[in-house]
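Quick notes on the structure that follows.
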Amino acid sequence: MSDDFFGNRNDGPNRRQDPQFNWRGLMLFVLAVFLLAAGIWASNKTSSAKLDYRGFKILVKEKRIDTSRPLLLVNADATTKQTIEGYFFDKPRSVVSASENMPAANADTPTKTTDAPASSPVMGAGSNLKPVTASKPFTVEVNIEFQKEELQKLLKENDLELAPSYEGNEWALASFLLPLALVLALFYFLVRQQIRGAGRGALSFGKSRAKLLSQDRNKVTFKDVAGVEEAKEEVQELVEFLKDPKKFQRLGGKIPKGVLMVGPPGTGKTLIAKAIAGEADVPFFSISGSDFVEMFVGVGASRVRDMFEQGRKNAPCLIFIDEIDAVGRHRGHGLGGGHDEREQTLNAMLVEMDGFDTQEGIIIIAATNRPDVLDPALLRPGRFDRQVTVSLPDVKGREEILRVHAKKVKLSESADLSKIARGTPGFSGAELANLLNEAALLAARQNLKAITSAELEEARDKVRWGRERRSMAMTEQEKQSTAWHEAGHALVNVLLEHTDPLHKVTIIPRGRALGVTMSLPEHDQLSFARKEALDRLAMTAAGRIAEELFTHDISTGASNDIKQMTRLARSMVCEWGMSDKLGMVGYGSHEDQVFLGRDINRSRDYSEATAQEIDREVRRLVDEGYDRAKQLIMAHRDKIELIAQALLEYETLDGDQVKDIVSLGHMQNPPENRSKQPPPPPLPKSQGPRPAQVDSEDTGGLAPNLAGAAA
């Protein structure tokens, strides 16, 4: 049984098994060791005594040569030196025969033995020979060129004969090479088994890396997916088809071959795929688009073929490809010629999904957040028959997502998830999960027993605008400049009609900004009206205007405001048709995404005169918003001074407190945490050149979602 990447066991007849223990290799290894030991033992057992020619003559004269075994003349064809092999006794043959032929009953009777010298020149001067009956092997080298006649005479006088042998040392060589060959064969066998067993070994580059998911543990179902009801219904129909195909086949319907899930990052595309795996009782393979990419040519296409081959063996089954844009990009965008490995991988996938020899039973589910870069051949019916859009959740969906993730943390009874859902427009499911995790960390840092609404609010602000940086050293002059800047944003935001409600304004550095004016919409904004865009331009310009009027100087703090105003005004003119002079014509719609090969040589689709008109219209919209904001600030000069003074005193004000200052001239419920004693109101006089701020980003950060979608 094999473990998938969730740590589950894959049971079933078609599971991919892990390499088992190599019992045959172990048996071969033991056999080789045994044979090697036996060869060493045998060689030690039959070791021969090496004699010189003088000792050999003494053995022959003393009748100690074992005549029952022949004397062998090895290398008989040699012309100089030859070797004589034979066996000898430790004592003369008369003693041996007498001791061997003596009856057992007369074992105690003394026998007459031939005297033998105490020391024999055969074995050396100091050796004591013990009378034993077994003969021992010996070898002696003879120089045929000088000792041939003497040797013949010696052997003839003692009735000994030499038998020529031409075998050489073949058996000795075989006894040495046989164990070595067995060890090499064992090594080859073990290496081959490892290469076969390893799923990603040196010879398995072309094998698919798709993982078969198991449902034993970590099971995800549609109950764990919230906020994307329409997408759930479409993929749930897929699961019902796999469970009961006849229900749809009665009317002639066919199962979709491919489902492409499209949506922004973090909306739950991969989670829906896991839910399909949890609901469908069929094999489910998971792979990433980047797993097809390799440095070797042809590996991607080979892995595609192997993946579909595994799918056919387990059909009906589901194959999930995450981030398919890694291999499914539009073909023909590369500059120059040459082999494109990615295109070959895409071609293999196109053929496998709906080629000439395609089998039924394999359903492909793919996910991407860049459907615009996919090849059209991949999106046609027959390959990806259905595209499921997984969009950002609405306020109801966000609340459901928060409740799903809240099951894993401990919330207090006073925590209001619906309020957090209303205050998080544009958040994806991943961002909402991160929000609850940040709230849990904040509560744990404060040693709380449960998460309250205060931690949820702080976590929301931290995720959206960044964490407070209270330790950042700011001079009094910078604080006053930041207070004027944020007071201008807050005042115009409250006075204008078509702006999002003011949520909070602070001069505490948060994220990359020295101060932030936060505004949140009351509901999900699906379109963007012209009046809202014009009011947004005026509110964005108010920070620079207040800073200029009350400090008689400007700073780099409005750099981000300028970028936002320019981007918004250009979108109004070129994309949304909100310019009376240029009309409902789109300009430069292709410039957002530029792909090499297809768009690099394309010129803009409007003339130079039109470009000048666009620049004049953008400048006009920005100037009109600037003038509107300046008139409002001059008309409510006393209110902006009160807001700036309150910011210097309390550092952070809620939207209701700013509204009280604008409408009543004072706050009905001032903040409890006062940072310091109220300073005197800043005087609108020239303070000389102000040092440039360290942070080039805007000191008055505005709420996101500046670019509205066309209705």
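The values are calculated or read from the model by the stated rules, or taken from the named source; none is laboratory data. Predicted, not measured: the structure shown is a model, and the values here were computed from it. Note: ideal-geometry Cβ built from the backbone for every residue, glycine included; neighbour counts use all protein chains shown. Side chains are part of the model used for accessible areas, which takes the heavy atoms of the whole protein and leaves out ligands, DNA and RNA. Shrake-Rupley method; radii C 1.70, N 1.55, O 1.52, S 1.80 Å.
Okay, here's what the table says:
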item: Förster radius 25 Å - calculated FRET efficiency between Thr566 and Ser391, Cβ distance, rounded to 0.05; result: 0.30
item: Net charge, Leu51 excluded, C-beta distance under 10 Å - Lys, Arg +1, Asp, Glu -1; result: +1
item: Estimated vicinal HN-Hα couplings, Hz - the range 647-652 in sequence order (Karplus 6.51, -1.76, 1.60; Gly, Pro = x); result: 5, 5, 7, 9, 6, 9
item: Those residues of the range 482-510 whose amide nitrogen sits under 15 Å from the label point placed on Asp656, 7 Å along Cα→Cβ; result: 502-505
item: Projected label distance in nm at Thr270 and His498, using a 7 Å step from Cα toward the beta-carbon; result: 4.1
item: Amide hydrogen neighbours beyond the local backbone of Ser288, cut-off 5 Å, H modeled; result: Asp322
item: Distance violations [Cα-Cα > 25 Å] among Lys269/Lys313; Lys223/Lys504; Lys419/Lys563; Lys254/Lys396; Lys232/Lys407; result: Lys269/Lys313; Lys223/Lys504; Lys419/Lys563; Lys254/Lys396
item: Relative packing of peptides 493-501, 421-429 - highest average C-beta neighbours within 10 Å first; result: 421-429, 493-501
item: Sequence ranges 265-276, 59-70, ranked by mean other-Cβ count within 10 angstrom, highest first; result: 265-276, 59-70
item: Neighbourhood net charge (11 Å Cβ-Cβ; Lys/Arg +1, Asp/Glu -1) for Ala406; result: +2
item: For a label point 7 Å along the Cα-to-beta-carbon line of Thr221, residues of the range 251-288 with backbone N under 19 Å; result: 271-284
item: Contour minus Cα-Cα distance for Asn437 and Leu154 (0.36 nm per residue); result: 91.4 nm
item: Where chymotrypsin sites (Phe, Trp or Tyr not before Pro) fall in DSSP loop in the range 248-319, at most 10 other Cβ within 10 Å; result: Phe296
item: Net +/- balance of residues flanking Gly268 in space, Cβ distance below 13 Å, scoring K and R +1, D and E -1; result: -2
item: Percent accessible area from carbon and sulfur atoms, the range 411-489, protein chains only, probe 1.4 Å; result: 48
item: Contour excess over end-to-end distance, with Cα ends at Asp244 and Ser663 and 0.36 nm allotted per residue; result: 144.3 nm
item: Label-point separation, Glu624 to Leu549 (7 Å along Cα→Cβ), nm; result: 2.1
item: Residue-level accessible surface for Met578, protein heavy atoms, 1.4 Å, Å²; result: 20
item: Potential lengthening between Arg69 and Ala181 on full extension [0.36 nm per residue; Cα-Cα distance subtracted]; result: 37.0 nm
item: HN-Hα J in Hz across the range 53-69 - Karplus 6.51, -1.76, 1.60, θ = phi - 60°, x for Gly and Pro; result: 5, 5, x, 5, 5, 4, 4, 5, 5, 8, 6, 9, 7, 6, 7, 6, 10
item: Segments 344-354, 229-239 sorted - mean Cβ within 10 Å per residue, highest first; result: 344-354, 229-239
item: FRET efficiency, 1/(1 + (r/R0)^6) with R0 25 Å, evaluated for Glu476 and Glu672 via beta carbons; result: 0.60
item: Residue-wise HN-Hα coupling along the range 151-164, computed from phi with Karplus coefficients 6.51, -1.76, 1.60 (Hz; x: Gly, Pro); result: 5, 4, 5, 5, 5, 5, 5, 10, 6, 10, 10, 9, 9, x
item: Estimated FRET transfer efficiency when R0 is 56 angstrom, pair Ile255-Leu448 (beta carbons, to 0.05); result: 0.65
item: Built amide H within the under 5 Å cut-off of Ile365, gap 5+; result: Val259, Ile319, Phe320, Ile321
item: Between the range 502-519 and the range 547-562, the Cα center-to-center distance that results, in Å; result: 16
item: Solvent-accessible surface ranking, highest first, for Met667, Met472, Met584 at 1.4 angstrom; result: Met584, Met472, Met667
